[in-house]
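Participant: What follows is a structure written as C-alpha cells; I'll ask about it next.
The values are calculated or read from the model by the stated rules, or taken from the named source; none is laboratory data. Because the structure is predicted, anything quoted here is derived from the model rather than measured. Virtual Cβ from ideal backbone geometry, glycine too; neighbours counted across all protein chains shown.
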Amino acid sequence: MKEHGMPNDPNPKDPRNLWQNQEAESVTITLDYVRRRSARLERRIYWRNSREYEAGVVVIGLFIARLGRDHGWRLAPPLLVIAATMYVMFQLYRRGPSRSLPADAGLRASLDFHLRELERQRYALHTVWAWYLLPFVPGFVAAFVVRVVDRGFASAIPFGAGFVLIFFGVWTLNQWAARKIGRSIQELKEQP
C-alpha cells in the first residue's frame with residue numbers, strides 16, 4: 001500500500017492537478033476562424049510597419065538636419081545612422097510585409113497560408129538583431145567616439161549605457177513577440 005503524499009502520487013484535491021489532468025476541449029478550426037485570424041495578423045503587421053516607416057522618416061529627417069551642423073569626420077555618425085535607417089526600412093519591406101489571404105482559398109490552403117505568414121513573421125522577429133539592430137552599431141560607435149573626443153570618456157559612459165539598454169529592450173520585446181507567435185503556430189499545428 002502506497003503512502004499518501006508520495007512524489008509520484010498526485011493529490012486529487014490539489015487544484016493544480018485537477019487543472020492539469022482535465023480533458024482538453026477539442027476546438028474545430030473553421031475557414032471563417034482562419035480568415036479572421038489571418039486578417040487580424042495582416043492588420044497588425046500593416047500598422048506595425050507603418051509606425052516603423054514613419055519613425056524611420058523622422059530619424060532620417062533629424063539626422064539630415066545634423067549634417068548642416070557637423071563638419072569633417074563628425075559627419076560619420078549621422079551619415080551612418082541615415083544609412084542604417086534606410087537599410088532597416090528596406091529589410092522591413094523585404095522581410096515583414098503584410099500579405100493578404102487569397103480570397104478563393106479553402107480551409108487547408110488558408111490554414112497553410114496563415115501558418116507560413118506566422119512563421120515568416122516569427123523568423124523576422126527572431127532575427128531582428130541581425131537586420132534591425134546590428135546596422136545601427138557603426139553609427140553608435142562613431143557617435144560614441146565623437147562624444148569621447150568632445151566631452152571625455154566619463155560623459156560617454158551614460159550615452160553608451162543608454163544605447164545598450166535600448167538595444168537590449170528592443171531585442172527583448174522582439175523575442176517576446178516571436179515566442180508569442182510561436183505559441184500561436186503550435187496551437188494551430190496541434191489542431192486536427
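Participant: Helices (runs of 4 or more DSSP H) wholly in segment 96-189 with at least 2 residues that are exposed (fewer than 12 other Cβ atoms within 10 Å of the Cβ), at pLDDT 95 or above and out of contact with any Cys (no Cβ under 8 Å at 6 or more places or on another chain) - which ones?
Facilitator: Working: elements: 107-126, 137-151, 153-189.
Output list reads 153-189.
Participant: So if I check each of LEU111, LEU80, LEU67, LEU134, which one is closer than 30 Å to GLN186 by Cα and either touching a residue at least 12 places away in the same chain (Cβ under 8 Å) or in contact with a Lys or Arg (Cβ under 6 Å, 6 or more places away or on another chain) (or both)?
Facilitator: LEU111
Participant: Answer yes or no as to whether ARG94 is under 16 Å from the mean Cα position of the chain (by Cα), under 23 Å from ARG48 (Cα atoms) and charged (D, E, K, R).
Facilitator: Details: under 16 Å from the mean Cα position of the chain (by Cα): yes; under 23 Å from ARG48 (Cα atoms): yes; charged (D, E, K, R): yes.
In short, yes.
Participant: Now for a different question. Does any residue of segment 40-49 turn out to be part of a helix (DSSP H, G or I), more than 30 Å from PHE140 (Cβ to Cβ) and free of Cβ contacts under 8 Å to residues at least 40 places away in the same chain?
Facilitator: Looking for residues that are part of a helix (DSSP H, G or I), more than 30 Å from PHE140 (Cβ to Cβ) and free of Cβ contacts under 8 Å to residues at least 40 places away in the same chain, one finds at least one in segment 40-49, hence yes.
Participant: Would you point out which residue out of ALA84, ALA55, ALA65, ALA76 is touching a Phe, Trp or Tyr at 6+ places or on another chain (Cβ under 7 Å) and either part of a helix (DSSP H, G or I) or farther than 21 Å from PHE144 by Cα (or both)?
Facilitator: The match here is ALA84.
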